[in-house]
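J.: My questions all concern the structure below.
The values are calculated or read from the model by the stated rules, or taken from the named source; none is laboratory data. Bear in mind the structure is a predicted one, so any value in this text is a computation, not a measurement. Here the Cβ positions follow ideal geometry from the backbone for every residue, glycine too, while neighbour counts run over all protein chains shown. These accessible areas exclude ligands, DNA and RNA; they are computed on the full protein's heavy atoms, side chains included. Shrake-Rupley method; radii C 1.70, N 1.55, O 1.52, S 1.80 Å.
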Amino acid sequence: MANFDTSHVKNIVLLGHAGCGKTTLAESMLFEAGLINRRGSVEERNTVADFYELEQQRGNSIFSKLLHTQWRGYKINILDTPGYDDFAGEVLSSLRVADTGIMLLNANFGVEVGSDIIWEYTEHFKTPMIFAVNKLDLDKADFDKTVAQAKDHFGRNVIVVQYPLNQGQGFDSIVDVLRMTMYKFPAQGGKPGKLPIPDNEKEKAELLHKELIEAIAENDEGLMEKYFEKGELDEDEMKTGLKKAMIHHDLFPVFCLSAKKNMGSGRLMGFIDNVCPSANEMPAQTTKSGSALACDANGPACVFIYKTISEPHIGEMSFFKVYSGTIKSGMELVNESNGVTEKLNQLFIVEGAKRTAVNELSAGDIGATIKLKHTHVNNTLHARGKNYELPPIEFPSPLMSVAIEPAQKGDEEKLSIALHQVQEEDPTVVVEVSAELRQTIIHCQGELHLSVIKFRLEHISRNLGVKFSKTRIPYRETIRKPVQSNYRHKKQSGGAGQFAEVYMQVEPWREGMPDPKGFSVRGRDEYKLDWGGKLVFLNCIVGGAIDQRFLPSILKGVMEKMQVGPLTGSYVRDVRVSVYDGKMHPVDSNDISFKIAGLMAFKQAFQQADPQVLEPIYTVTVLCPDDLTGNIIGDLQTRRVIMEGMDTEGHFTKITAKVPLAEMSDYSSSLRSITQGRAKFRMAFYEYAPVPFDAQRKLIDEYHKMAVKEEA
Ligand SMILES: Nc1nc2c(ncn2[C@@H]2O[C@H](COP(=O)(O)OP(=O)(O)O)[C@@H](O)[C@H]2O)c(=O)[nH]1
Ligand SMILES: [Mg+2]
């Protein structure tokens, strides 16, 4: 395939709720353009886009795909995306490099949850957007209802460019009010005949044509004047006005489709060619250092990596968009994030699983390369001597966490290699090896996402089985009253003797509290603990009862016990320890003795100081359609929440509450089942708070049972 210059490349991303027909539309676009000579189907598991085994098994897309087609002298890069929100990362990375989004709406169901959620992402990127009402061949297809819902959800800038005739099983015609013509499709779909608008449709078509012109004129003073002068705008003026309004995310034209019957994709591609912006018509990129980077094929070379996958027998494949310059195979570029020089040995254009080598790609185009050494998603590669860094894709924070371990003991290494690869390919997967919880934890987007991660792990590494379990809760321990305690450590049988005696007061610590009464403070150390809270360690020794050099050992003992709290083995926080007396032995006293005495004196005091287990409390914010608030609040109230209030955010109702983390491990799946995926939530750590008495009792028992089991 020839190299297309920047203004003849269009980058579109297919968006919409799962099942609305994105992959089928991509198939029909490739077919219509002659890139494939037979249309596959999702049912037959042979579409160009859904080529992964797992996707064919499940009958829906899971990963975003890069495809391309040619239409009347233009190259159209097509990014097909998954519709489930668990795969939001795939949608966001595709939106990052696309110049126009096509939101498909299912004429049977209208605006669905996925449409609303994905719309939020397009608002974030201010992507020029088109709506395509698909499945107009279905019995219950209702174009007008769908458009009305779209206007209600996405605003009155949703403007009709086409409407269907004979929607339902007999769907075969579209009236185009931009061109004021009717397209009539042959039964097998494909190239339509162009006919005048039938008389009985003329009035409606004129009305919609006028609405379209006014919407366009409203967005452009020059055109508004022309419209007032002539009372009309010609097709070219309308196209110019539409393009401008789209680039400013101000107008969202609506098209008609039956992707399955291959009706409407050709006209859509024509509109993409003639009206949708090419990359050099979009606002220039702003680099991290604030400079503007124009999309110019003659500019300095600069590419942005938006996706990486691992290909069997090839290794890593990196997908990129050329934001400036012309990239040639064999070219060397510098990775701005780590200064490494990378050689782009081979350049490819991609069509699903198929890739074709090319010599060069111009600014605005999207392609792939292989075997980059130290390059990852969100990296910018540029010509030597430049320091461009393009804004990264902001991936969603995780919504669900589970612990993972290999099904077979001894497979730990295999698992960690496979986890590394999954993380590399999918930035919405976060792997945490938690020393505190003694678990390897996967943070991800939901059940569906987790099942895909499991599939990938077990396919990346032969015979690797994995099992999931609940993550432990990072509890904390503290105390509620001051206690004095002392401990004598004595070991004088066989070998070097040990002797130390420590007297200490242990009390709850609060910022700004006065020094302890009855002690004279000789030394003070305040430690901000890695796990939150503080330890204040006071030296109140008088008369040299304990030599200064042993105080760090006592502290070491206290710290060691604070890492494995006496109640549940959790970290201890917010205590003050005042060492005020002790005894030494001229020979047997040493660091280890005082460490042990410090540890034991602290443990003893802690258990008598009305100890308290603290649990992490999170703020949870649920965004949902108004009609679901009752169910959601009802469910939240079974989770020991403190309701904070209700508000609105966009067209969602926002419910805010404080909730113990321990009550939320299954929240992503239960919210999905309560609301059929119509709601979403986010969580943020708020504070540590005491667990209820019974729960504390239970936690302590469980911990001691486990400790006994481990000792056995
Ligand atoms: N009747 C009808 N079915 C369609 C149409 N477009 C897609 N489908 C079917 O809808 C289902 C989902 O299609 P798919 O392309 O996978 O949707 P995606 O999840 O948005 O990619 C498949 O069974 C398709 O055959 C259409 O225009 N009419
Ligand atoms: Mg799909």
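J.: After finding the eigenvalues of the alpha carbon gyration tensor for segment 613-694, what semi-axes result from the square roots of 5 times each, listed largest first in whole Å?
T.: Its equivalent ellipsoid spans semi-axes of 23, 13, 10 Å.
J.: Still on this structure: Could you give me D for segment 1-146, from Stokes-Einstein at 10 °C and 1.306 mPa s, where the hydrodynamic radius is the Kirkwood radius over C-alpha pairs? Units µm² s⁻¹, please.
T.: The estimated diffusion coefficient comes to 102 µm²/s.
J.: How large are Rg and Dmax for segment 566-671 when calculated on the C-alpha trace, in angstrom?
T.: Final numbers for Rg and Dmax: 23.7, 77 Å.
J.: Starting from the Kirkwood radius over alpha-carbon pairs of segment 34-102, derive D by Stokes-Einstein at 20 °C in a medium of 1.002 mPa s and give it in µm² s⁻¹.
T.: 163
J.: Just need the Rg to Rh number for segment 549-613, please, alpha carbons only, Kirkwood Rh.
T.: Result: Rg/Rh = 1.00.
J.: Please work out how much length the chain gains when fully extended from H153 to E432, using 0.36 nm per residue of separation minus the C-alpha to C-alpha distance, in nm with one decimal.
T.: 96.6 nm
J.: Roll a 1.4 Å probe over the protein heavy atoms and report the accessible area of H124 in Å², nearest 10.
T.: Counting only protein heavy atoms, H124 exposes about 110 Å² to solvent.
J.: With r as the distance between the Cβ atoms of A294 and S329 and R0 = 30 Å, compute the FRET efficiency 1/(1 + (r/R0)^6) and round to 0.05.
T.: Using R0 = 30 Å, I get an efficiency of 0.80.
J.: Please work out the Cα center distance from segment 505-567 to segment 2-64, rounded to the nearest Å.
T.: Result: 65 Å between the Cα centres.
J.: Sticking with this one: On a C-alpha basis, how far is the centre of segment 69-107 from the centre of segment 231-301 in Å? Whole number, if you could?
T.: Between the Cα centre of segment 69-107 and that of segment 231-301, the gap is 14 Å.
J.: Based only on the alpha carbon positions, what is the Kirkwood hydrodynamic radius of segment 285-382, in angstrom?
T.: 13.4
J.: Gap in Å between the Cα centre of segment 322-360 and the Cα centre of segment 616-686?
T.: 44
J.: Hey, another quick one. Give me the log10 of I(q) over I(0) for segment 371-445 at q = 0.22 Å⁻¹, as the Debye formula computes it from C-alpha points; what are the numbers?
T.: -1.06
J.: Between F685 and E413, what FRET efficiency comes out of the Förster formula 1/(1 + (r/R0)^6) with R0 = 41 Å and r the beta carbon distance, rounded to 0.05?
T.: Calculated transfer efficiency: 0.80.
J.: Oh, and also: Please enumerate, by chain and number, the aspartates and glutamates with C-alpha under 14 Å from the C-alpha of K561, excluding those fewer than 8 residues away in the same chain.
T.: Those aspartates and glutamates meeting the cut-off are E436, E477, D574.
J.: Using modelled backbone amide H atoms (1.01 Å from N, in-plane), which distant-in-sequence or interchain residues come within less than 5 Å of F252's amide H?
T.: V158, I159
J.: Looking at segment 152-207, what % of the alpha carbon pairs are farther apart than 13 Å?
T.: The calculated P(r) of segment 152-207 puts 63 percent of pairs beyond 13 Å.
J.: Just the number, please: Stokes-Einstein D of segment 418-523 in µm²/s, Kirkwood Rh from C-alpha pairs, 10 °C, 1.306 mPa s.
T.: D = 81 µm²/s.
J.: How big, on average over all directions, is the shadow cast by the Cα convex hull of segment 6-281, in nm²?
T.: Hull-based average projected area comes out at 13.6 nm².
J.: When DSSP assigns beta bridges and you keep just the ones with both residues in the chain, what percent turn out antiparallel, to the nearest 5?
T.: 80
J.: If you don't mind, there's one more thing I want to ask. Excluding E214 itself, what net charge comes from residues whose Cβ is under 12 Å from its Cβ, given Lys and Arg +1 and Asp and Glu -1?
T.: My count for the surroundings of E214 gives -2.
J.: Please list, in order along segment 610-619, the HN-Hα scalar couplings obtained from phi with the Karplus expression 6.51 cos²θ - 1.76 cosθ + 1.60 (θ = phi - 60°), rounded to whole Hz, x for Gly and Pro.
T.: With coefficients 6.51, -1.76 and 1.60, one gets 6, x, 9, 8, 10, 10, x, 10, 10, 8 Hz.
J.: Would you kindly state how much longer the chain becomes between A496 and R549 on full extension, computed as 0.36 nm times their sequence separation minus their alpha carbon distance, in nm to one decimal?
T.: Stretched fully, the A496-R549 segment lengthens by 17.2 nm.
J.: Once the piece of chain linking M643 and E511 is laid out straight, how much longer is it, given 0.36 nm per residue of separation minus the C-alpha distance between them?
T.: Between M643 and E511, full extension yields 44.7 nm more.
J.: Going by amide H atoms built from the backbone, whose H comes under 5 Å of the H on Q439, apart from near neighbours?
T.: S434
J.: Provide Rg over Rh for segment 477-609; use the alpha carbon set for both Rg and the Kirkwood Rh (inverse mean inverse pair distance).
T.: 0.96
J.: Search the structure for amide H atoms under 5 Å from the amide H of N166, placed 1.01 Å from N in the peptide plane, and list their residues when 5 or more places away or on another chain.
T.: Under 5 Å from the amide H of N166: no residue qualifies.
J.: Normalise the Debye intensity by I(0) for segment 303-443, one equal point scatterer per Cα, no solvent, then take log10 at q = 0.11, 0.14, 0.21, 0.22 Å⁻¹ and round to two decimals.
T.: Taking Cα atoms of segment 303-443 as identical point scatterers yields -0.49, -0.74, -1.24, -1.32.
J.: For segment 194-273, what mean projected area does the convex hull of the alpha carbons give, in nm²?
T.: 6.3
J.: Assuming R0 = 60 Å, can you tell me the calculated FRET efficiency for the pair D144 and V340, based on Cβ-Cβ distance, to the nearest 0.05?
T.: 0.60
J.: Which ³J(HN,Hα) values, rounded to whole Hz and listed in residue order, are derived for segment 638-647 from phi using the Karplus coefficients 6.51, -1.76 and 1.60 in 6.51 cos²θ - 1.76 cosθ + 1.60 with θ = phi - 60°, glycine and proline given as x?
T.: Listing the rounded values in order: 8, 10, 6, 8, 10, 5, 10, x, 10, 8 Hz.
J.: On to the next question. Wrap a convex hull around the Cα atoms of the chain, take a quarter of its surface area, and give that in square nanometres.
T.: For the chain, averaging the hull's shadow over all directions gives 39.4 nm².
J.: For segment 158-170, just list the computed ³J(HN,Hα) in residue order, Karplus coefficients 6.51, -1.76 and 1.60, θ = phi - 60°, integers in Hz, with x standing in for Gly and Pro.
T.: After applying 6.51 cos²θ - 1.76 cosθ + 1.60, I find 6, 10, 6, 10, 9, 9, x, 10, 6, 4, x, 4, x Hz.
J.: If one takes the longest principal axis of the Cα atoms in the chain, at what angle in degrees, from 0 to 90 and to the nearest 10, does the Cα axis of helix 265-274 lie?
T.: Taking the Cα atoms of the chain, the angle to 265-274 is about 90 degrees.
J.: Right, something else. Compute the long axis of helix 591-608 from its Cα atoms, compare it with the longest principal axis of the Cα atoms of the chain, and write down the angle in degrees, 0 to 90, nearest 10.
T.: Tilt of helix 591-608: around 80 degrees.
J.: Angle check, please: helix 221-230 long axis (alpha carbons) against the longest principal axis of the chain (alpha carbons), in degrees 0 to 90, nearest 10.
T.: With rounding to tens, the tilt is 30 degrees.
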